[in-house]
Amino acid sequence: MRETPSLIVRYVARRAVPFIQLYALYVLGHGEDGPGGGFQGGVIFASSFVLLALAYGWGQGRKHVPEKLFDLLAPAGCLLYAGIGFVALLVGGAFLQYEAFVGEGADHATKHHAHHFGLIGIELGVMLTVTASMVILFFEMSRPDEEGAFGDGASQEDVEALHDGSAATEEAPDA
Amino acid sequence: MHDVHVVITVLVLVGVLTTLPRVLKGPTLMDRILAVNVIGTKTIVLLALVGFLQVELGIARGAPANDYARAGFWLDVALAYSLINFIATIAVLKYLERRARSPDVSNSEELA
């Protein structure tokens, strides 16, 4: 996948990416009282990276997505989710019972706040996992070389060179 | 007020239906892509219209007159839909562009 020749697409993609990511955070924050939540926010966040890769090419898009970091983020989200659940268990509540964070004696408003923060916490965990998984899936499925030919250390030049050389023959059968 | 909204919604719906044949039997691939894109754009307008229609109907049935915040849910969905629509179109065009570049594409006239 090389850089798109269209200046308009590249410009729009560059300008749109921050807004898409901001919108993903908005969707994440409104998960409790509207359409949205961790999964939807994560998918929208990941779509911004997909747009970058589509407009600027696989190698250039990869630069914004450190492979090791996203490989870590996917399980880290699960850990955040389960961690909040088990912390609630440790302080004497049930699994994922957010009210347990502030104890039995707290007034209603404090419990309400604890519930909100716990909910945002697990939504954040879901978002991290979904974003990382979507990004990893996209970049692995659209990898321009043979399966794992370069492994983790493929430089952009390697990927582009291989793509320029063999893409045509690679796709001839289904054309 | 919501009569106007109903009329506009039906008109946009008719617009979607008239675009549908172009998707089903558009002579070239580009016709189909453009038609799908048009339907996507009209769907965004429809989502916004249906959101306000719901609010208008709620007000007509006795909801407070400043209830327009509820349409925000629908606008959120419309916004997300427009993003996905944009990215999907670029992705499909990118795929076609790659296919058109390979040397022995037998159906290259279809891509023109």
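The values are calculated or read from the model by the stated rules, or taken from the named source; none is laboratory data. Only a predicted model underlies this, so the values are computations on that prediction, with no experimental measurement involved. Ideal geometry is used to build each Cβ from the backbone, glycine not excepted, and the neighbour counts take in all protein chains shown.
Before moving on, here are some points about what is shown:
- Among the residues listed as B:L53, B:L49, B:L57, the single one being farther than 21 Å from B:A91 by Cα and surrounded by fewer than 17 Cβ atoms within 10 Å (Cβ to Cβ): B:L57
- Flag for A:E123 being surrounded by 17 or more Cβ atoms within 10 Å (Cβ to Cβ), assigned to a helix (DSSP H, G or I) and modelled with pLDDT under 85: no
- Residues (more than 13 Å from the chain's Cα centre (by Cα), in contact (Cβ under 8 Å) with a residue 40 or more places away in the chain and more than 9 Å from chain B (Cβ to nearest Cβ)) located in the stretch A:51-67: A:A53, A:Y56, A:G57, A:W58, A:G59, A:Q60, A:G61, A:R62, A:K63
- Condition check for A:L72: in a helix (DSSP H, G or I), within 30 Å of A:R15 (Cβ to Cβ) and of a type outside the set (V, I, T): yes
- Across the stretch A:23-50, the qualifying residues are those that are assigned to a helix (DSSP H, G or I) and over 13 Å from the mean Cα position of the chain (by Cα), and the one among them that is surrounded by the most Cβ atoms within 10 Å (Cβ to Cβ) is A:V27.
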